[in-house]
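See below for the structure under consideration.
The values are calculated or read from the model by the stated rules, or taken from the named source; none is laboratory data. Predicted model only: the values in this text are computed from it and were never measured. Cβ coordinates were reconstructed from backbone atoms using ideal geometry, including for glycine residues, and neighbour counts include every protein chain displayed.
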Amino acid sequence: MKVVVCIKQTPSTTAEFAVDNGQVSWDDPGGKPLVLNPWDEYAVEETIRLQENHGVDTLALTMGSEESLDALKTCLAMGCQEAVLVNDEAFAGSDTLGTARVLAAALGQIEEAQMVIFGKQAIDGDTGHTPVQVAVKLGWTPLTYVAAIKELDPAGGTITVERLLEGGKETVTAQLPVVISVVKEINEPRYPSFMGIRKANRAKIPAWSSDDVPVDGEVGSDASRVDWSQVYPLPERDTSVEIIAADSVAEQVKILADRLFEEKVI
Amino acid sequence: MSGVWVWIEHRDGRMATISLEALSAARDVAGDLGVGVTALVLGHEVKSLAEQVLSYGVDSVIGCDHKTLATFRVPAAGPLVASLARELEPAVFLAGASIVGRDLAAWVAAELDAGLIADGTELKVVDGQVVVTRPVYAGKLLADVHVTAGLQMITLRSRAFPQAEKIGSSGVVEWVDALVAEEDIPVKVEGFESSAGQVSLTDATIIVSGGRGVGGPDGFAPVRELAEVLGGALGASRATVDAGWIPYEHQVGQTGKTVSPDLYIACGISGAIQHQAGMRTSKVIVAINKDPDAPIFQLASYGIVADLFDVVPALTEEFKTRLG
């Protein structure tokens, strides 16, 4: 059985953004503008744990530009066995559905894949749609917001997971194959080891183009059903702070309480 | 038909708040488009809920009452909604951007090859298309996006729209059959452990949060007490969660929850950009911090520069007195 972790390279959480004529750019004060999507670290960790505890084979997959090789190297350095980059001009500008079509087609090329793991969402688009849409395109079962894999029985073809919903925790059993997305509660991601980093740097990561990935349906920016042309900075919050100063804390607190009642937020 | 559809989320016979918000958004969009609103009520023993939904001024309800739909499972509900939409061709589909709302919308969009936009915070009808304002890059930028062709599917962020009020309706509930038989649903729900009783961060009108300034797990006690007195939820910064002082479910920010309460009280939180991304749309922000240069003060409406351990208990006492 093979477990595939689908990852994305995204701007770092500390990135600062600028928009010029609808074109988004960013820079990172920490000097690392592109990172493995932070939510995906949990997906990679869970995949490696399945490798260690259940003896499954593992592969990290991403669709993106050649820059995304760095994110795949992070997966290899953490402990994934293989990595594949899906990269073609024709795929660029896809919406979540186009991305799901490409990923589903690529997953269809990977033998013995029975489980796909995603992070719960990517921090750039923040939609969380892709795992479910990949599942629909593959005809597999989606299990989103998984906080624990409680049982995995590859021979019996079942998995039991705990999902973290808004109102509580739901335990569900599903038949394999499944596409799961995981939340932060599931584990504590490891740091890549020194040996892992050396190995990842030497690895030759195959790149699959549209010739290798027979996509069903249209993809790329022309096929995108969502127009993303209007992106703009946030309006400034129209408040200037009122610092409440007084002779005593008791007085400061009284003034603040007055203000909050006047604002009708209490 | 070409109307506006709105999916109703519910548990134990009660409609989710986010669906009341979706109902009001649906009524506004339908009004601008000059079409009707149809609500989808799928579940088990949902007859009275369907009647109740009708009274929120929707033109019709499509109901499905079946055991297979008792607990929301996307492989049961998704194909049914997709098949209804294929047959009846709504123009717009709205759902709350909760976990199950996202799951359902993503499933239906994938089956129908429809455009889907997540986390709308504002809707505007322009030339017959719904233009959706939504945050991107974790709330650091905004985008006005729209679906370019076919069914327009949109999920709506919690607390971005007012809740619908009951205004009565002359419409009727039309009942349809379930589509997927139990043996064809590859998911069984084994149990549900409710976190009812706790105020949920995403629904809360008031949130009191603690940051590194609380100093340790015990430091959350006064922060929690203030939240309780105000009937609010307890939030936390990433630093305190990473330090193990408080469970992750309380984390507000880019890798935690995005919240939008009426009142956000930040206690001992410096206000890193990742934290701001999760709370900057709060209506009124109060910052309590010893450090006058903390970035949180640039975002705040009111600030007190002092030790939170002096201010927060005093504030709790003040509200106890005033709120009786």
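Restricted to segment B:270-304, and to residues there that are of a type in the set (D, E, K, R) and at the interface with another protein chain (Cβ under 8 Å from one of its Cβ atoms), the residue that is farthest from B:A138 (Cα to Cα) is B:K283.
Taking segment A:158-266 as the region of interest, the strands (runs of 3 or more DSSP E) fully inside it that hold 3 or more residues being facing chain B (nearest Cβ under 10 Å) and within 30 Å of B:G150 (Cα to Cα) are A:226-233. With a requirement of 3 or more residues that are out of contact with any helix residue (DSSP H, G or I) (no Cβ under 9 Å at 6 or more places or on another chain), the strands (runs of 3 or more DSSP E) lying completely within segment B:46-160 that satisfy it span B:129-136, B:141-147.
Number of residues in segment B:176-194 that are closer than 22 Å to A:K150 by Cβ, in contact (Cβ under 8 Å) with a residue 40 or more places away in the chain and surrounded by fewer than 17 Cβ atoms within 10 Å (Cβ to Cβ): the value is 2. Scan segment B:211-256 for residues that are more than 10 Å from chain A (Cβ to nearest Cβ) and basic (K, R) and jot them down. Listed by number, the residues that qualify are B:R212, B:R224.
Conditions (1) in contact (Cβ under 8 Å) with a residue 60 or more places away in the chain; (2) farther than 16 Å from A:E166 by Cα; (3) in contact with a Cys (Cβ under 9 Å, 6 or more places away or on another chain), marked per residue:
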| position | (1), (2), (3) |
| --- | --- |
| B:A204 | no, no, no |
| B:E228 | no, yes, no |
| B:A233 | no, no, no |
| B:A239 | no, yes, no |
| B:S260 | yes, no, no |
| B:L263 | no, yes, no |
| B:C267 | no, yes, no |
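Restricting B:I265, B:I246 to those that are assigned to a strand (DSSP E or B) and among the hydrophobic types (A, V, I, L, M, F, W, C) reduces the list to B:I265.
Of everything in segment B:255-291 that's closer than 26 Å to B:A314 by Cα and of a type in the set (D, E, K, R), which residue is nearest to the chain's Cα centre (by Cα)? So, considering only residues that are closer than 26 Å to B:A314 by Cα and of a type in the set (D, E, K, R), the one nearest to the chain's Cα centre (by Cα) is B:D262.
Here A:A135 meets the list (1) crowded, with 24+ Cβ neighbours inside 10 Å; (2) more than 9 Å from chain B (Cβ to nearest Cβ); (3) under 21 Å from the mean Cα position of the chain (by Cα); (4) aliphatic (A, V, I, L, M) almost entirely, failing just condition (2). Screening B:L156, B:L142, B:L151 for residues that are at pLDDT below 95 and closer than 30 Å to A:A223 by Cα leaves exactly one candidate, B:L142. Looking at B:R86, B:R14, B:R73, just one residue is buried (at least 18 other Cβ atoms within 10 Å of the Cβ) and charged (D, E, K, R), and that residue is B:R73. Pull up segment B:252-281, narrow it to residues that are among the polar types (S, T, N, Q) and at pLDDT below 95, then point me to the one that is farthest from A:S12 (Cα to Cα). So the residue we want is B:S260. Being part of a strand (DSSP E or B) and within 10 Å of another protein chain (Cβ to nearest Cβ) is the filter; apply it to segment A:1-13 and report the residue that is nearest to the chain's Cα centre (by Cα). That would be A:T10. Could you tell me whether any residue of segment A:244-251 is polar (S, T, N, Q) and surrounded by 13 or more Cβ atoms within 10 Å (Cβ to Cβ)? Within segment A:244-251, not a single residue is polar (S, T, N, Q) and surrounded by 13 or more Cβ atoms within 10 Å (Cβ to Cβ). With respect to the stated conditions, B:V176 fails to be of a type in the set (A, V, I, L, M, F, W, C), at pLDDT 95 or above and closer than 18 Å to B:Y248 by Cβ. Among residues that are closer than 21 Å to B:A110 by Cβ, of a type outside the set (D, E) and facing another protein chain (nearest Cβ under 8 Å), A:A106 is not included.
For segment B:127-150, the set of residues classified as within 7 Å of another protein chain (Cβ to nearest Cβ) and in contact (Cβ under 8 Å) with a residue 40 or more places away in the chain consists of B:A138, B:K140, listed by residue number.
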